[in-house]
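Chemist: Take a look at this one; I'll ask things after.
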Amino acid sequence: MKRNAYSTYSGKRKLQLPALTFAICGASFLLISASIFRFPPIRFLSYVGFCLSVAFGVYFLLRIIEDNTGSIFAKIGLYIMRGLFIAGLVSFIIIEIFVISGAKTDSENADYLIVLGAGVDGTTPSLILHSRLVAALDYLENSPQTIAILSGGQGPGEDITEAEAMLRWLTSRGIDESRIIKEELSRDTIQNLQNSFSLINLRSSGDGSPEIAVLSNDFHIFRARFIAEREGVEIGTVSANTPRAHLEFTYTIREYFSVGKVLLTYLFT
């Protein structure tokens, strides 16, 4: 029977989608990615969509080659892509379950509250950082003995460090500056926590270990706790709600890749 690249044929191919389906999916993801690229808050999703469109396009081409020539290399390529897709989907589901279930608050009246930094627009906290600061203000007002460690360096488009932006915001709302320690050298969450833990160790005294809480957005809590465990530090967590549904969706998807990066970092260092 003559093979048709755009339709199924007898045997195993009856169990598979027509090759044209993958071309349509790839084109659809490409159009969606292009349409949302101009919106910075969700631009990350456009990158994900572009990668998916490329993957569907490659799969379509391999199916065309395999259907019409029976190439063993195309067949192997298809098996590899199917395996990668299944592995990626399973790992995505598992990590997202941990991310979503890990978004909880389980700390009160800690000795130290580490507030993890996020983007600053010039000198103004971004929406994500603002939501963390609102939660930090509430915690510090209800726990007058807690010392806040504001952790975050200066990134592109930021006129001051994230720690300085947080300090200005909190002190302007009544938190005494004597209760605040700035950590301004970190560039990512691992450095946030490593540098903050070092500051706490330098300032701690006595036999008892200080109680430490880490505050971030809900999607970020699992990664922060995982890093703390790898650093050998027991922490409590304070979860700040992520503002706006599109940001929560975007950052929750993005967290899959961020957790993967952290896993690889600790695996190879």
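The values are calculated or read from the model by the stated rules, or taken from the named source; none is laboratory data. Because the structure is predicted, anything quoted here is derived from the model rather than measured. Positions of Cβ are backbone-derived with ideal geometry, glycine not excepted, and every protein chain shown enters the neighbour counts.
Chemist: Looking only at region 208-230, which residues are out of contact with any strand residue (DSSP E or B) (no Cβ under 8 Å at 6 or more places or on another chain), modelled with pLDDT of 95 or more and not β-branched (Val, Ile, Thr)? Walk me through how you get there before you give the answer.
Modeler: Narrowing region 208-230 to residues out of contact with any strand residue (DSSP E or B) (no Cβ under 8 Å at 6 or more places or on another chain): 208-209, 219, 222-223, 226-227, 229-230.
Right, trim to modelled with pLDDT of 95 or more and you get 219, 222-223, 226-227, 229-230.
Those that are out of contact with any strand residue (DSSP E or B) (no Cβ under 8 Å at 6 or more places or on another chain), modelled with pLDDT of 95 or more and not β-branched (Val, Ile, Thr): PHE219, PHE222, ARG223, PHE226, GLU229, ARG230.
Chemist: Taking region 97-135 as the search range and keeping residues that are assigned to a strand (DSSP E or B) and not β-branched (Val, Ile, Thr), which one is farthest from TRP169 (Cα to Cα)? Steps first, answer last, please.
Modeler: Going residue by residue through region 97-135, those that are assigned to a strand (DSSP E or B) are 112-116, 120-122, 124-125.
Restricting the remaining residues to those that are not β-branched (Val, Ile, Thr) gives 112-113, 116, 121-122, 125.
On the way: TYR112: 18, LEU113: 16, LEU116: 14, ASP121: 13, GLY122: 14, PRO125: 8 Å.
Within region 97-135, the match that is farthest from TRP169 (Cα to Cα) is TYR112.
Chemist: As an exercise: evaluate LEU215 against (1) in contact with a Ser or Thr (Cβ under 6 Å, 6 or more places away or on another chain); (2) part of a strand (DSSP E or B) and give the number of the one condition it does not meet.
Modeler: (1)
Chemist: When you check ALA27 against the structure, is it of a type in the set (Gly, Ala, Ser), at pLDDT 95 or above and closer than 16 Å to ARG63 by Cβ, yes or no?
Modeler: Details: of a type in the set (Gly, Ala, Ser): yes; at pLDDT 95 or above: yes; closer than 16 Å to ARG63 by Cβ: yes.
So ALA27 passes the test.
Chemist: Has region 217-233 got at least one residue that is over 15 Å from THR189 (Cα atoms) and either β-branched (Val, Ile, Thr) or buried (at least 22 other Cβ atoms within 10 Å of the Cβ) (or both)? It would help to see each step written out before you state the result.
Modeler: Filtering region 217-233 for residues over 15 Å from THR189 (Cα atoms) gives 232.
Subsequent filtering for residues that are either β-branched (Val, Ile, Thr) or buried (at least 22 other Cβ atoms within 10 Å of the Cβ) (or both) retains none.
Looking for residues that are over 15 Å from THR189 (Cα atoms) and either β-branched (Val, Ile, Thr) or buried (at least 22 other Cβ atoms within 10 Å of the Cβ) (or both), one finds none in region 217-233, hence no.
Residue-by-condition table, conditions (1) part of a helix (DSSP H, G or I); (2) farther than 22 Å from VAL259 by Cβ; (3) modelled with pLDDT of 95 or more:
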residue	(1), (2), (3)
LEU140	yes, yes, yes
GLN154	no, yes, yes
ILE175	no, yes, yes
SER186	no, no, yes
LEU193	yes, no, yes
ILE200	yes, yes, no
GLY206	no, yes, no
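Chemist: Identify the single condition in (1) under 19 Å from LEU140 (Cβ atoms); (2) over 16 Å from the mean Cα position of the chain (by Cα) that LEU215 does not satisfy, given that it satisfies every other one.
Modeler: Result: LEU215 passes all but (2).
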